[in-house]
Amino acid sequence: MHSLNQFQVRPMYWPMFVVSILASVIASQAMISGTFSVVYQSLSLGCFPRVKVVHTSANHEGQVYIPEINYFLMLACVGVTFGFKTTVKIGNAYGIAVVFVMTLTSALLVLIMIMIWKTNIFLIILYVVTIGFVELMYLSSVLYKFTLGGYLPLAFSAFLMIVMYVWNNVYRRKYRYELDHMISPARLTEIFTNKNISRIPGLAMFYSELVQGIPPIFEHYVSNVPALHSIIVFVSVKSLHVNKVPADERYFFRRVEPRTLFAFQCAVRYGYNDVREVAFEETLITRLKEFIQEETWMQIQTLSIGGKMTETGRESDREIEHNEISKAKQAKEEKLREIMEQEIEQVEKAWEEVGIVHLIGQNEVIASKESKMMKR
C-alpha cells in the first residue's frame, strides 16, 4: 500500500511544483505592481515621502517602477521567510490580510453609498445586514490566528500609517510656514528695483507650495545670488483629489504686479492618475504665451466697454468727443498689442537662446527644543 501511494503521488509532484512556482511569480508581480500604484497615488496626494518614480512605458499610463519600494519589498520578503520559516504562519498572515481588506472595502463602500451615490437608506441597511454580516463572520473566524502570524499585515499597516502621518503632518507645517512668511508686494517691488541686483537674460522657475504669494525662499536666493533673470515664474505643482485634470485646465497663470517686473505665478494641477508630461517646459512656455495674449485681449475688451460707457454718459456732446475717444482708445489698444508682442518675443528668446533655470528650495523642518516627545 505504501509503495502504491508513492507511485500515485510522485508523478504529480513536479507538475504541481511548476504550477505553484508560476502562481507565486504571478502573485508576486501583482503585489509589486499594486504596491507601486498605491505608493505613486499616495505621492500625488502628498501622503508619502518622495521617492524616485520611473515611468516604464511611453504609450500606457500608470506603468511605474519605484526602486526604493522594490528593494523594501525584497528585504521584507526575505525577513518574513527567515522569521516565520513555515508556510503555516505565512498563510495565517495572508488570510487575515485578505479578510481585513474585504471588510474595510465594504465599510468604505458604505461611505460612498451615503456621501456620493446618495443611495436609499433601506438599500444601505440591507447591504450592511447581508454583506456585512457575512464578512464579519469571516473576520471572526480568522482572528484566532492573530498570534500565530496574523499580526504581520497589521504591523506593516501600522508602520506605514505612522510614516504617512508624520510625512503629511510635516508637509502641512512647512506649507503653513511658507504661507505665514511669504513676501509682501511692497517687499517684492523693493527687491526687483534694488540697484545692487542685476537682471540677466533667461527664464527662471522658482518652485514652491504656494499657489498665491511669493515664497520666502525667493528672498533667501536673492540675498545669496544678487542676480535675477529677465523672466521669473513661480511654479506650484499641485495634485488634486480628482482622477484626471483636463489638459486645457492644467496650467493656471497669474501676473505679479506691477507689469514691469515681468514675473508670473503658475499653478500646475494634476489628478492622482495623471502622468506628468515629458515636455513640461515646452508646454509651460506655450501656456505662458497664451496667457499673455488672453490677458491683453481682456484689457482691450475692458477698454471697449469703458469707451461705450463713456459715450453713453455724454450723449449731448458725443458727436464732438467721439473721434477723440476713439483715437485714445485705439492708441491704448495699439500700445497693449505692442507690449504683448514684445513680451511674447522676450519669452521666445529666453526659451530658445538662453534656456530655463530651475530653482528648487530645500527646506528642513526641525522640532523646537521645548517640543514634546510625540511632536519630535
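Here the range 342-371 is the region considered, the condition is being free of Cβ contacts under 8 Å to residues at least 60 places away in the same chain and in a loop (DSSP other than H, G, I, E, B), and the residue that is least open to solvent (accessible area, probe 1.4 Å) is Ser371. Would you point out the residue of the range 254-280, among those that are of a type in the set (Ser, Thr, Tyr) and open to solvent by 40 Å² or more (accessible area, probe 1.4 Å), that is nearest to Phe206 (Cα to Cα)? In this case the residue turns out to be Thr260. Assigned by the TED database to the domain that holds Glu348 and under 19 Å from Ile344 (Cα atoms): is that true of Gln265 in this structure? Considered against the rule, which asks whether it is assigned by the TED database to the domain that holds Glu348 and under 19 Å from Ile344 (Cα atoms), Gln265 comes out as yes.
Tallying residues that are part of a loop (DSSP other than H, G, I, E, B), among the hydroxyl-bearing types (Ser, Thr, Tyr) and within 29 Å of Glu209 (Cβ to Cβ) within the range 39-79 yields 1.
The values are calculated or read from the model by the stated rules, or taken from the named source; none is laboratory data. Keep in mind it's a predicted model, so treat the numbers as computed, not measured. Cβ coordinates were reconstructed from backbone atoms using ideal geometry, including for glycine residues, and neighbour counts include every protein chain displayed. Remember, those area values only see protein heavy atoms, side chains included, never the ligands or the DNA or RNA. Shrake-Rupley method; radii C 1.70, N 1.55, O 1.52, S 1.80 Å.
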